[in-house]
Every structure is written in C-alpha cells, then in structure tokens.
1. State whether the residues of the range 122-145 include one that is among the hydrophobic types (A, V, I, L, M, F, W, C), assigned by TED's automatic domain parsing to the domain that holds residue 41, at pLDDT 85 or above and touching a Ser or Thr at 6+ places or on another chain (Cβ under 8 Å).
2. For the range 110-134, enumerate the residues that are over 24 Å from the mean Cα position of the chain (by Cα), within 20 Å of residue 32 (Cα to Cα) and either surrounded by fewer than 16 Cβ atoms within 10 Å (Cβ to Cβ) or not β-branched (Val, Ile, Thr) (or both).
3. Of the residues 180, 200, which single one is in contact (Cβ under 8 Å) with a residue 24 or more places away in the chain and loosely packed, with under 14 Cβ neighbours inside 10 Å?
4. I want to confirm something. Restricting to the range 158-192 and keeping residues that are among the charged types (D, E, K, R) and part of a helix (DSSP H, G or I), which single residue is nearest to residue 228 (Cα to Cα)?
5. For the range 214-250, name all the residues that are assigned to a helix (DSSP H, G or I), out of contact with any Lys or Arg (no Cβ under 8 Å at 6 or more places or on another chain) and at pLDDT 65 or above.
6. Being within 20 Å of residue 72 (Cβ to Cβ) and at pLDDT 95 or above narrows it down to one residue among 206, 188; which is it?
7. Please go through (1) in contact with a helix residue (DSSP H, G or I) (Cβ under 9 Å, 6 or more places away or on another chain); (2) in a helix (DSSP H, G or I) for residue 211 and return the number of the only condition it doesn't satisfy.
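The values are calculated or read from the model by the stated rules, or taken from the named source; none is laboratory data. Only a predicted model underlies this, so the values are computations on that prediction, with no experimental measurement involved. Counting neighbours? That spans all protein chains shown, and the Cβs are built from the backbone with ideal geometry, glycine included.
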Amino acid sequence: MPIETSRAGGPAIRAVDPWRPGNPRQGERHQLLSDHERARLAKIAAVVRFGKGDHIYREGEPAEAVFNVVSGVVTAYRALADGEHVTSFLHPGDLFGLSEEGRYTNGTKAATAVVAYKMPVSAVRRILATDPELDVGVIVKLCENLRESQRHALLLTRKRAATRLVMFLDLQQNLQLSRGEPTSEIHLPMDRSSIAAYLGITLAALGRAFRTLTSKKVIAARNRRHVKILNKEAFNNLADMASVEDDTKHTHAPL
C-alpha cells in the first residue's frame, strides 16, 4: 500500500518542448509548469510512496487519480493472455493515470522504490478548466508520450533481439542526456524481466542479446544496472534505423 506523506515542492511536468527554439542540448526536457501552476497542483496533491514491485493501479480499475513521478521508475503494462506486456517506463517529471471512459487503460507498478504526487482526477479537471497555460503543458506532455509510443512500436518491428536491445539502450542514453546526466554509462534501474517484456522478447533472448553485444565488444556491462558503450560506431550503426537492414547484410553471425 502507498504511504501518503506531506506535500512538498509541487508536481513537475518535464518534456521536450516542441515550440521552444534553440535548445542548448538536443532533446532537453524542460519544466513545463510555472511556480504558480506547481503551487496550485500542490494544494490538491498528496505525496505517496511505493516499494519496488508494488502495484499502483490495475488496468480497468476506476480512474480516480493521476500521478506525477518525483523519483524512481514506474512500469506501465497491459495484461494479456500470454503475460504482462510492458508499454513504457515512466521517470521523474512524467505523468501517468490516463483513462478511457473513467477506467485506467493499463496497469502500473513500481519498477524501483517510487515517490509520486497523487492528484484526484476531479480536482485536476477543475484546475485545467480555469488555467489554459497548464492545459497547454499537459498537451505538450501527452504529445511526448505519443512520440515515445511510436518509437516503441518501431522498436518492436525489428526482428533481431540485439537490435531491439541497442535501440532500447540508445533511448535510455538519450533520456539521461535530456536530463543533463552523465552518459559515460547507461543506467538501467528496471530489472531484466521488465526490459524483456518491453522489448517483446523472452528473458533468455535478452540474455543472449547482451552476451552477443558484449562478445562483439560493442558494450560492456559493469553489472546488471550499468552498461558502457565500447564501440560507438558499431552501436550507432545498429541504433540508426536507416542502416539496420544494410547492417544485417554484412553480419555473418546473426545478432
């Protein structure tokens, strides 16, 4: 069960702003809310904490609240006949809790220990109805979520597990870059099972993909949470969608 604590700071929504020119870093995620907007949301928000593995809500449950990640990583998933299919990983500054006809469209659980703001849907709707600037910020965030969903759909079209893994590592590295974090190593806070579910492959196939990239000296894993890119050119060739098919033609040992 989540533990509610005192309010502090106020929700923060971070995203790549499609209308702000001249970003100092490509893909930099900006704070979309003003101090006034954060303060308004703070009045209706409670801070909740979840332990690793805790379910936050399940698909189909009444959508009574939306959430804003403060720290940690949240896994969003769809429960299908053959198991849970991970649809996204949510990081600090992300919103989650979208619904359809008053019910959550997916399930969520804490991939790590998570702290989040929990805001009643009815109260959020009242604020959005009177604050057009906040409304725009939410729309920008939803647009970013749509772009991430499109990237995930593209990733799932790749046939080779190692190519999917490289694309995922590239996404994680770009996320770190957008937050201004060091990228000498790629941090993977989620477990391998969640990564495999996100990539649409088995855990065994994910393990083989890691071993293949390691044996080819494309990457090196310090541990299960930290990966370093050793051969940037080879890594970029695999991550570049335009060169994937050409890359497979010149690879003797399939990835």
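1. no
2. 123, 125, 126, 128, 129, 130, 131, 132, 133
3. On the way: 200 fails: loosely packed, with under 14 Cβ neighbours inside 10 Å.
Result: 180 is the single residue among 180, 200 that is in contact (Cβ under 8 Å) with a residue 24 or more places away in the chain and loosely packed, with under 14 Cβ neighbours inside 10 Å.
4. Kept after step one, since they are among the charged types (D, E, K, R), are these residues of the range 158-192: 158-160, 164, 170, 179, 181, 185, 191-192.
After this cut, where a residue has to be part of a helix (DSSP H, G or I) as well, the list is 164, 170, 192.
Numbers: 164: 17, 170: 11, 192: 16 Å.
This residue is 170.
5. Narrowing the range 214-250 to residues assigned to a helix (DSSP H, G or I): 214-215, 232-239, 241-249.
Applying the additional criterion that residues be out of contact with any Lys or Arg (no Cβ under 8 Å at 6 or more places or on another chain) yields 214-215, 232-233, 235-239, 241-243, 245-247, 249.
Passing the criteria: 214, 215, 232, 233, 235, 236, 237, 238, 239.
6. On the way: 206 fails: within 20 Å of residue 72 (Cβ to Cβ).
Criteria check complete, one pass: 188.
7. Going through (1) in contact with a helix residue (DSSP H, G or I) (Cβ under 9 Å, 6 or more places away or on another chain); (2) in a helix (DSSP H, G or I) one by one, residue 211 breaks only (1).
Yes or no, residue by residue, for (1) β-branched (Val, Ile, Thr); (2) out of contact with any Leu (no Cβ under 8 Å at 6 or more places or on another chain):
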{"site": "30", "(1), (2)": "no, yes"}
{"site": "34", "(1), (2)": "no, yes"}
{"site": "38", "(1), (2)": "no, yes"}
{"site": "43", "(1), (2)": "no, yes"}
{"site": "52", "(1), (2)": "no, yes"}
{"site": "56", "(1), (2)": "yes, yes"}
{"site": "60", "(1), (2)": "no, yes"}
{"site": "67", "(1), (2)": "no, no"}
